[in-house]
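K.L.:
Mind looking over this structure? Questions follow.
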Amino acid sequence: MEDCVFCKIVKGEIPCDKVYEDDQIIVFNDIHPQAPVHLLVIPKKHIKSIAVMNEKDVALVGQMVNIATRIAAAAGISAKGFRLVTNSGEEGGQVVPHLHWHILGGRQLSGELG
Ligand code: 5GP
Ligand code: ZN
């Protein structure tokens, strides 16, 4: 999608610090990390948010979670614990309207979720 910052990252028009890529998914470091480990898992395909994902995207979303857990383990945050979160819509705190999972870890995270 034009004017979507994450689509531009997928197309290589905006650089990113990539840690994983396959035919459907890329994972890269968040530009403003909120924890010692803060990665973003995104589909290459533009999906606005989890709220509007299509039934046919269920496998893709499952694979994003699968990749996220593997990347968390590779980043060394799996044993102590981490957070995997996706924001949806304005009141959900979503700023970039291209589906993404945040992987956060490497410090004690707040118990509050909002
Ligand atoms: P949201 O609030 O939409 O769930 O999170 C968007 C995230 O994307 C934020 O944590 C923000 O720092 C990150 N972000 C926004 N623009 C860029 C960018 O151009 N590059 C990278 N690596 N992260 C970005
Ligand atoms: Zn997009």
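K.L.:
Can you pull out every residue in the stretch 1-23 that is near ligand 1 (Cβ under 6 Å from one of its atoms) and assigned to a loop (DSSP other than H, G, I, E, B)?
P.N.:
Once the filter is applied, which keeps residues that are near ligand 1 (Cβ under 6 Å from one of its atoms) and assigned to a loop (DSSP other than H, G, I, E, B), the stretch 1-23 yields I14, C16.
K.L.:
Say we look at the stretch 48-95 and pick out the residues that are closer than 26 Å to G106 by Cα and among the basic types (K, R); which of these is surrounded by the fewest Cβ atoms within 10 Å (Cβ to Cβ)?
P.N.:
K80
K.L.:
Here is a list: I71, I77, I26, I42. Which entry is within 13 Å of the chain's Cα centre (by Cα) and either of a type in the set (K, R) or not in a strand (DSSP E or B) (or both)? Step through it out loud before you land on a result.
P.N.:
Numbers: I77 fails: within 13 Å of the chain's Cα centre (by Cα); I26 fails: either of a type in the set (K, R) or not in a strand (DSSP E or B) (or both); I42 fails: either of a type in the set (K, R) or not in a strand (DSSP E or B) (or both).
Exactly one residue qualifies, and that residue is I71.
K.L.:
If the Cβ limit is 8 Å and pairs must be 6+ apart or interchain, which residue in the stretch 4-24 that is under 17 Å from P97 (Cα atoms) and of a type outside the set (V, I, T) pairs with which residue that is open to solvent by 90 Å² or more (accessible area, probe 1.4 Å) and near ligand 2 (Cβ under 8 Å from one of its atoms)?
P.N.:
C7/M1
K.L.:
Right, next: Just one of V52, V41, V58 is on the phi < 0 side of the Ramachandran plot and in contact (Cβ under 8 Å) with a residue 12 or more places away in the chain; which is it? Before the answer, list the steps.
P.N.:
On the way: V52 fails: in contact (Cβ under 8 Å) with a residue 12 or more places away in the chain; V58 fails: in contact (Cβ under 8 Å) with a residue 12 or more places away in the chain.
So the residue among V52, V41, V58 that is on the phi < 0 side of the Ramachandran plot and in contact (Cβ under 8 Å) with a residue 12 or more places away in the chain is V41.
K.L.:
Something else: Given the options S78, S88, S110, name the one that is touching a helix residue (DSSP H, G or I) at 6+ places or on another chain (Cβ under 9 Å), away from ligand 2 (no atom under 16 Å from the Cβ) and small (G, A, S). Lay out the reasoning, then the answer.
P.N.:
Values: S88 fails: away from ligand 2 (no atom under 16 Å from the Cβ); S110 fails: touching a helix residue (DSSP H, G or I) at 6+ places or on another chain (Cβ under 9 Å).
Of S78, S88, S110, the one residue that is touching a helix residue (DSSP H, G or I) at 6+ places or on another chain (Cβ under 9 Å), away from ligand 2 (no atom under 16 Å from the Cβ) and small (G, A, S) is S78.
K.L.:
Sticking with this structure for a sec: Please work out which one of (1) without any contact (Cβ under 8 Å) to a residue 60 or more places away in the chain; (2) surrounded by fewer than 19 Cβ atoms within 10 Å (Cβ to Cβ) is the condition Q34 fails and give its number.
P.N.:
Every listed condition holds for Q34 apart from (1).
The values are calculated or read from the model by the stated rules, or taken from the named source; none is laboratory data. Everything numeric here is computed off the predicted structure, so don't read it as measured data. Because the Cβ atoms are built from the backbone with ideal geometry, glycine has one as well, and the counts that use them run over all protein chains shown. Heads up: the accessible areas ignore ligands, DNA and RNA and are worked out on the full protein's heavy atoms, side chains in. Shrake-Rupley method; radii C 1.70, N 1.55, O 1.52, S 1.80 Å.
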